[in-house]
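**Student:** Next up is a structure, given as structure tokens.
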Amino acid sequence: MTGLAPPEIESFLIAEARLLDERRWEDWLALFAEDGWYWVPLEEGQANPRDTVSLIYDDRRLLETRIRRLAEAALHAQTPVSRTSRIVANPTVEEEDGGEITVRAKFEMIESRQDNRRVFAGTTWHRLVRGGEDGFRIRWKRVDLVDCDAVHDGISVPF
């Protein structure tokens, strides 16, 4: 079943992007289910994060470590901190199964740091479960970059 995402899902994705742009790392982490994970494949069409190397593959524990490091002022890769602006567009519901919803959306992120600008774009996939006061939790998030197989200087800010 594919169709336009309802307004509550679109609002959730926009709110997630805002948390990331505002560097509200703990609040972003709180969107994830306790068994949630975050994945940025290295290869187009990569089916499994365990089959080959990925740009990023964080289970909940590694995601917590990433967030803790981003929150520290002394992280070399983020001194000075990156400023970002994200656009989320065209969200569609790809699947609904037992209270879980798979959502696909397009995104673009501009990162500015030390007079350098980088543009990232691609497709995000979220597996959402209903729960919590604000409606949804992220079971998993996959980010398929258009140029996933290109050379990327250190990626430290989540997409």
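The values are calculated or read from the model by the stated rules, or taken from the named source; none is laboratory data. All values derive from a computational prediction rather than experimental measurement. Glycine also receives a Cβ, built like all others from the backbone with ideal geometry; neighbour counts cover every protein chain displayed. These area figures cover heavy atoms from the full protein model, side chains too; ligands, DNA and RNA do not enter into them. Shrake-Rupley method; radii C 1.70, N 1.55, O 1.52, S 1.80 Å.
**Student:** Pick from ARG68, ARG137, ARG18 the residue whose mean-square fluctuation is largest in a GNM of the chain, springs joining Cα atoms under 10 Å.
**Tutor:** In the Gaussian network model the winner is ARG68.
**Student:** Keeping the other protein chains in place, figure out the carbon and sulfur percent of the accessible area of region 3-145, with a 1.4 Å probe.
**Tutor:** Accessible surface attributable to carbon and sulfur in region 3-145 totals 48 percent.
**Student:** Let me ask you something else. Counting other C-beta atoms within 10 Å, and keeping those with at most 15, which DSSP coil chymotrypsin sites (Phe, Trp or Tyr not before Pro) do you find in region 9-69?
**Tutor:** Here no loop site has a sparse enough neighbourhood.
**Student:** For region 3-145, just say rounded, prolate or oblate: build the C-alpha gyration tensor, square-root its eigenvalues into a ≥ b ≥ c, call rounded for a/c under 1.5, and beyond that prolate if a/b exceeds b/c, oblate if not.
**Tutor:** rounded
**Student:** How far is it, in nm, from the label point at GLU8 to the one at ASP59 when both lie 7 Å from their Cα along the line to the Cβ?
**Tutor:** Spacing of the two 7 Å Cα→Cβ label points: 3.1 nm.
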